[in-house]
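**Student:** Next up is a structure, given as structure tokens.
The values are calculated or read from the model by the stated rules, or taken from the named source; none is laboratory data. Everything quoted here is computed from the prediction, not taken from an experiment. No Cβ is skipped: glycine too gets one built from the backbone with ideal geometry, and neighbour counts run over all protein chains shown. In case anyone asks, the SASA skips ligands and DNA or RNA and just uses the protein heavy atoms, side chains included. Shrake-Rupley method; radii C 1.70, N 1.55, O 1.52, S 1.80 Å.
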Amino acid sequence: MTKVVDSSKPIYSIYITCCLGLFLSTLDTGIINLALNTFSIDFGVSLEYIGLSVTLYLLFLIIFLVPGGWLGDFWGQKIALIAGFVLFGLTSLIVGFSESANQLIIARCGQGIGTALLQANCLGLAGLQSCKQKIRLNSFIMLAISLGPILGPSFGGVILNLWGWQFLFLINVPLCIVGCFFSLKITKAVNTLKKETFDLKGMILFFMMLVGCVSLIYSNSLNLLLIEKNFIGISTLIIFFYFFEDRVKMLQSFFFCQIIINLVN
């Protein structure tokens, strides 16, 4: 049973937590684009291969967005947000000290999971507020979401020129500590769920489908053999058509098609 926070006064811990979580998630989505060429030179890999750091970040964000919201309902948004800030901060630290392209790419996957926890539960927490609080909070949330893409290129360019690409990610660590501090001040707002509401099998298949698609797009960089490409392609199609069994899965398939188009473009 969900409890709605009812207060006419602004709850600043919720305001700061939601705005900071969404700002970080949108900021890191695009700020890395400035350093892709630098990564390619420093790590001695192709620009196409290092592009996986962007693609896999978005892939894991998309995949874990729904599970992240479910964990917020199961644990409570407070615990889920703390987990999101901790994971995002730790993986940002790992990315900042990466010594190889593979290490950076894997750590970016962890960042994507942390971002999913932050986005899902910041928005979920906002939805639990009273009507008056929700209107105020949504205004700040929209501002935070807008500032990330706007400040990312300019702010990232200054950091890249002054301190190097490592600080594009290390700057997240103190912000995550601040996010954890204010998350601890939030009163637990949700009880554990009484029944299963998460389609684990569907999410696993959806994850496999997206991984197959990304593997085909980056098949040249991954040096996949023709037989491996065919196997991945056929498996992806089989899973894709499985989602047409009912209306819900048709919607998931449509969402999948949109992601494919965005990745190809």
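**Student:** Answer yes or no as to whether Val66 is open to solvent by 50 Å² or more (accessible area, probe 1.4 Å), aliphatic (A, V, I, L, M), in contact (Cβ under 8 Å) with a residue 24 or more places away in the chain and farther than 25 Å from Ser13 by Cβ.
**Tutor:** For Val66, the condition - open to solvent by 50 Å² or more (accessible area, probe 1.4 Å), aliphatic (A, V, I, L, M), in contact (Cβ under 8 Å) with a residue 24 or more places away in the chain and farther than 25 Å from Ser13 by Cβ - is met.
For (1) closer than 21 Å to Cys176 by Cβ; (2) modelled with pLDDT of 90 or more; (3) under 12 Å from the mean Cα position of the chain (by Cα), each residue gets a yes or a no:
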{"residue": "Pro67", "(1), (2), (3)": "yes, no, yes"}
{"residue": "Asp73", "(1), (2), (3)": "no, no, no"}
{"residue": "Val86", "(1), (2), (3)": "yes, yes, no"}
{"residue": "Ile106", "(1), (2), (3)": "yes, yes, no"}
{"residue": "Gly127", "(1), (2), (3)": "no, no, no"}
{"residue": "Ile145", "(1), (2), (3)": "yes, no, no"}
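**Student:** What number of residues within the range 91-108 satisfy the criterion of being open to solvent by 30 Å² or more (accessible area, probe 1.4 Å), touching a residue at least 24 places away in the same chain (Cβ under 8 Å) and among the aliphatic types (A, V, I, L, M)?
**Tutor:** Residues flagged as open to solvent by 30 Å² or more (accessible area, probe 1.4 Å), touching a residue at least 24 places away in the same chain (Cβ under 8 Å) and among the aliphatic types (A, V, I, L, M) within the range 91-108 amount to 1.
**Student:** If we scan the range 39-47, do we find a residue that is within 13 Å of the chain's Cα centre (by Cα) and either under 21 Å from Cys176 (Cβ atoms) or crowded, with 18+ Cβ neighbours inside 10 Å (or both)?
**Tutor:** Scanning the range 39-47, I find no residue that is within 13 Å of the chain's Cα centre (by Cα) and either under 21 Å from Cys176 (Cβ atoms) or crowded, with 18+ Cβ neighbours inside 10 Å (or both), so the answer is no.
**Student:** Could you tell me how many of the residues in the range 139-166 are surrounded by fewer than 17 Cβ atoms within 10 Å (Cβ to Cβ), touching a residue at least 24 places away in the same chain (Cβ under 8 Å) and more than 23 Å from Gln119 (Cα to Cα)?
**Tutor:** Looking only at that region, the number is 2.
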